């Protein structure tokens with residue numbers, strides 16, 4: 001599960017350039033729709049119901065205010081961030097009145113726009129997760145499901161993308177959730193699970209270190225030793241002697 005984004009701007013360089021930049025630098029968005037005028041933006045909202053919209057104020061056929069008014073009347077208003085020039089500030093204020101979450105002044109750097117979109121998308125995903133939890137009686141959050149999958153498949157060549165796909169959210173959002181809820185990164189949690197199982201094998205005292213490394217998902221025994229020391233503060237051989 002990811003966020004659907006609509007970029008509505010009549011300037012080709014801004015619209016297409018932003019879409020390419022976003023696709024290269026984040027995976028928060030499942031779909032990115034483009035609209036070169038207000039009417040196409042409205043049609044896209046009705047057809048695809050994007051959760052997030054980056055909306056230019058001044059566009060042909062219908063401006064951004066009209067887009068918001070029609071989406072609001074239909075009850076399918078995306079979370080909206082306005083793009084506005086300095087001389088259009090009164091329109092930005094009007095857009096905020098109609099429910100826009102925020103606005104950015106043109107010209108804005110692509111990195112600043114992306115940060116705003118990512119932060120907003122994370123908020124939307126949080127709402128989606130709360131709804132998901134409510135439907136399941138408050139059990140099995142996205143992180144819980146990811147942890148269960150890791151605990152069952154830790155010995156495989158797991159990646160963040162693979163686990164996120166199994167959970168049904170974007171890799172970027174899963175990474176954010178691990179940082180927020182587990183106070184560690186995805187790879188740190190995976191390493192902790194693997195090393196915990198490695199310790200169990202070492203306590204049994206019948207497998208060599210390189211065999212244990214392979215059994216818990218590492219294909220390089222030197223890297224395994226490095227991670228083991230980072231997690232436990234000692235080498236596998238030192239742990240085994242203890």
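What is the angle, in °, between the Cα long axis of helix 142-153 and the longest principal axis of the Cα atoms in the chain? Nearest 10 is fine, range 0 to 90.
Helix 142-153 sits at roughly 30 degrees to that axis.
With viscosity set to 0.890 mPa s at 25 °C, what whole-number translational diffusion coefficient in µm²/s follows for the chain from Stokes-Einstein and a Kirkwood radius over Cα pairs?
Working: Rh = 20.5 Å.
The estimated diffusion coefficient comes to 119 µm²/s.
If I fit a long axis through the Cα atoms of helix 12-25 and take the longest principal axis of the Cα atoms of the chain, what angle between them do I get, 0 to 90°, rounded to 10?
Taking the Cα atoms of the chain, the angle to 12-25 is about 10 degrees.
Could you put 144, 10 in order, starting from the residue whose Cβ has the fewest other Cβ atoms within 10 Å?
Numbers: 144 13, 10 17.
Going from least to most buried by this count: 144, 10.
Quickly estimate the mean residue ellipticity at 222 nm for the chain, helices only: each DSSP H run with n ≥ 4 gives -39500 (n - 2.57), and the total goes over all residues, rounded to 500.
Working: 12 runs with 142 residues, N = 242.
My calculation for the chain gives -18000 deg cm²/dmol from helical runs alone.
By how many degrees, 0 to 90 and rounded to 10, does the Cα axis of helix 186-204 deviate from the longest principal axis of the chain?
Its long axis makes an angle of about 10 degrees.
Values in this text are rule-based calculations from the coordinates and carry no lab data. Every value quoted in this text rests on a predicted model; they were computed, and no experiment measured them. Quick reminder, even Gly has a Cβ in these numbers, built from the backbone with ideal geometry, and neighbours come from all protein chains shown.
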